[in-house]
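See structure below.
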Amino acid sequence: MSDQKKFPLLAIGLSIILFIFHHLVLLPPTAKPATAPDDEFSAERAYAVLSTLLAEGVPHPVGSSQNKIVRQRIIDELNRLGIAYEEQNTWTCGLIFTACAYVENIIGIIPGHSEGNAIALMAHYDSVPMAPGAGDDGAGVAAILESARALVNEAPFEHPIFLVITDSEEMGLLGAAAFYHHHPRGQEIGVVLDFEGSGTTGTSLVLRTSEANELLINTLVEQTSSPYGFSFAAEIFKRMPNDTDFSVPLSLGIPGIDFAFAGERNHYHTPNDNLENIDLRTIQHHGENMLPLVRALADADLSDMGGRLVYGTLYHIWLQWLSDYSIYLVLLSAALLIFASTRLKPSIKGVSLGFVFSIGIIGSSSGLAFGAFQLIQTTLGTSFAWPAYDLPYRLVLLFSTLGGGLLLIAAANRRVSQLDQLFAAWLLWLLLSLLLVVYLPDAANVLLLPTLAAAFFIAAAGLVDERTRPWLFLLTLPVAIPSTLSLVYPLEQSQGYQLIMATYPFITLFLVIVAPLLKGLRLFRAAGVSIAVTGVLIVSINFIPLYSEHRPQIVNLGYFENLDSQTSYLQLQAGNPVEGELREAMNFSFEPKALVEFSQLAVRNWIEVGPSGLPGLEMNILDQQLVDTGRRVELELRSPRQADSLRLLVPIEAGLTDFELGGNRYQAVTYSGGLFAGYSVITVFGVYARSVPLVLNFASAAETDAILIDISTELPASGARLVQLRSGLLSPAHRGDQAFLIKRTSL
């Protein structure tokens, strides 16, 4: 075989091998058995604790009777371990949206030699109303309790260790808000290590950190056997509609690390987030991040957290540097490429044309992939996040991006020399690295590290003979694959196919740098084959079931009853069309209609049904006073049917400025759009048999109307048949089914 074909084929083979190798080395560690030494973390022991906590395998949202059972089992485990604890039982509200609840936090205390600067291990024990919560966040709680078993036998450390096990994270980080803002122990925290789950499998990665993270990251790398993470994940997380308890201490400037896993994210907030599906290797990785790290931090000098590090993982090798140094690495990369250009003498015209082709590769590859998935959605008549059988979709992603990319690579290799195209590719990477350093500094290392390494190899190529140069060019691939192809799988797992576009930049940037290494191959033919295979796969997907019991379609049921007008509606709530018996059980209308009297927001898939006969929310006004600033109204709300939550809507023109609950005052939040447009909204979760004492403060002395909404996850009799029909390939998720009883009242 001639060198003209040997190196392109070697580049392809090397890319495949390195991709597989990188994936394998970053899998979670093997779960340690229950017979592991007492000073080690054992996933089997942690799973035994988790099995006890979630023995019934049912949801346990805040305020529910099952929530209290789980809470008591956590306390029983602390007693068994001989760990002192405190309870925090209080009303609290979130700091952004007016979501409130009566939370019951548990704070385990392992005393230290000194007071203050405690190390907090944090996880939440509540679940959403539709999920048992094995991954979110039972795994985190069990990992803390297994780590505490070892830590209490080794204590005291220099600093105390707090086990902060919060309630009502799912309803707005309410337990964490109550602890850090209203509990004295919240002021004693020196470092927070939060552990979350968003699925049932996967690697426990460093999701995000506090701004000053040098001490924390250095300690993690020194103490743990398999640290994993990319600082760019923090940039992604900022732009996602998700949150964790870590946001509360982070907003207060408390240093810490947020760990999370996100494999099989289709199980997130569904009945499949259960003991059967949780991966013991994931729990093991949580523990191996947790136990040695807290040991070291509990004896460390926490007075100086150092600077801001960016970090990433390269074939199980952790790489990091101070964020401020990134600009110097960009300049060093540029200097190396300039030096290389003086030795290798690429053509300015050729590099310019190659730069245009590099951008074309990105556009063509992304464009064909986007078109392929749009065509799938069109032919299926639906959109989706996690299909039941994802192999065909992964192949579509592979062949569509490859087909689009190879078309432009073939054109580039006909018009541009290998050397010019190589320089053009890495100049593009250099430019993108600079933009990331300026605008998204936490993400800069994803491109900057490969760019620096490639610049070094290209510069070195200028110092050797012509026959050796291709080998140095080939060495640009190993440093680039972890930052490109190897990120595709975790992004697919965590973002799903509704956000599959998140993978396109990483695939296309790899194609840009591999393009000059493929010179000598007949790529137009390969592009045609890839596009043809993409077409065949798209056709075949239409004959493959979209859902399975392991990955069901998400369908929630809504019931809306206007008690004043005695009108009631049932609604199927699904992102995709609902087929089968559930859809055919009733004559649902697809015509848009507003189902509640206080809003014009229209929905589909509804049917009018008879009233439930259930009582609505009761309000008792205890006191009214005219004050200098307006009017103060003290009232009590109660749900006669013991619903799990309630909502109070006050028109904006009434001038509600703030409200009081549990002795604390909160700003009123008004909505300018959506279902609650024109209202100030207060929502209280986990109500059940509790009475909710509220004080409303108005800027106006005038009386006003308000809307009371009683909300339960239990549907009335008219929806019972639909609940029975929703099985197998259909599943509720998140807050699930909700029955709203709505009525107007006067304040």
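Brief remarks on what is shown
- When ASP623 is tested against (1) of a type in the set (Asp, Glu); (2) crowded, with 16+ Cβ neighbours inside 10 Å; (3) within 20 Å of VAL695 (Cβ to Cβ), just one condition goes unmet, and that condition is (2).
- Criterion (out of contact with any helix residue (DSSP H, G or I) (no Cβ under 9 Å at 6 or more places or on another chain), part of a helix (DSSP H, G or I) and surrounded by fewer than 19 Cβ atoms within 10 Å (Cβ to Cβ)) met by exactly one of THR382, THR378: THR378
- Whether a residue is outside any loop (DSSP other than H, G, I, E, B), surrounded by fewer than 20 Cβ atoms within 10 Å (Cβ to Cβ) and not assigned by TED's automatic domain parsing to the domain that holds LEU174 was assessed, and ARG632 passes this test.
- Strands (runs of 3 or more DSSP E) within segment 638-747 that include 2 or more residues polar (S, T, N, Q): 664-667, 679-685, 738-746
- Scan of segment 175-220 for residues that are under 17 Å from ASP442 (Cβ atoms) and aliphatic (A, V, I, L, M), ordered by number: LEU205, VAL206, LEU207, ALA212, LEU216, ILE217, LEU220
- For SER225, the conditions (1) small (Gly, Ala, Ser); (2) in a loop (DSSP other than H, G, I, E, B); (3) touching a Cys at 6+ places or on another chain (Cβ under 8 Å) are fulfilled apart from (3).
- Hey, GLY616 under 24 Å from LEU722 (Cβ atoms) and small (Gly, Ala, Ser) or not: yes
- Members of segment 259-314 that are β-branched (Val, Ile, Thr), part of a helix (DSSP H, G or I) and within 22 Å of SER486 (Cα to Cα): THR282
- Applying a threshold of 6 Å to beta carbon distances and a minimum spacing of six or more residues, or different chains, the list of pairs starting in segment 225-241 at a residue that is of a type in the set (S, T, N, Q) and ending at one that is surrounded by fewer than 22 Cβ atoms within 10 Å (Cβ to Cβ) reads SER226/PRO29.
- Considering LEU491, LEU475, the condition of being free of Cβ contacts under 8 Å to residues at least 40 places away in the same chain and closer than 20 Å to LEU207 by Cα is satisfied by LEU491 alone.
- Qualifying residue in segment 435-455 (condition: closer than 29 Å to ALA526 by Cα, under 25 Å from the mean Cα position of the chain (by Cα), surrounded by fewer than 19 Cβ atoms within 10 Å (Cβ to Cβ) and among the hydroxyl-bearing types (Ser, Thr, Tyr)): no
- Scanning segment 154-169 for residues that are under 23 Å from ALA99 (Cα atoms) and assigned to a loop (DSSP other than H, G, I, E, B) gives ASP167, SER168, GLU169.
- Some residue of segment 635-650 being farther than 21 Å from SER565 by Cα and surrounded by fewer than 13 Cβ atoms within 10 Å (Cβ to Cβ): no
- Scan of segment 136-184 for residues that are hydroxyl-bearing (Ser, Thr, Tyr) and either farther than 26 Å from SER51 by Cα or surrounded by fewer than 24 Cβ atoms within 10 Å (Cβ to Cβ) (or both), ordered by number: TYR180
- Extreme residue, nearest to GLU169 (Cα to Cα), among residues of segment 134-151 that are aliphatic (A, V, I, L, M) and touching a Phe, Trp or Tyr at 6+ places or on another chain (Cβ under 9 Å): VAL141
- Qualifying positions in segment 287-308 - more than 30 Å from LEU145 (Cβ to Cβ) and either crowded, with 22+ Cβ neighbours inside 10 Å or in contact with a Ser or Thr (Cβ under 9 Å, 6 or more places away or on another chain) (or both): GLY307, ARG308
- Residue in segment 170-192 that is part of a loop (DSSP other than H, G, I, E, B) and of a type in the set (A, V, I, L, M, F, W, C) present: yes
- Scan of segment 541-571 for residues that are free of Cβ contacts under 8 Å to residues at least 40 places away in the same chain and assigned to a strand (DSSP E or B), ordered by number: GLN571
The values are calculated or read from the model by the stated rules, or taken from the named source; none is laboratory data. Here the structure is a predicted model, which is why all the values come from computation and not from measurement. Cβ atoms come from the backbone with ideal geometry, glycine included; neighbour counts cover every protein chain shown.
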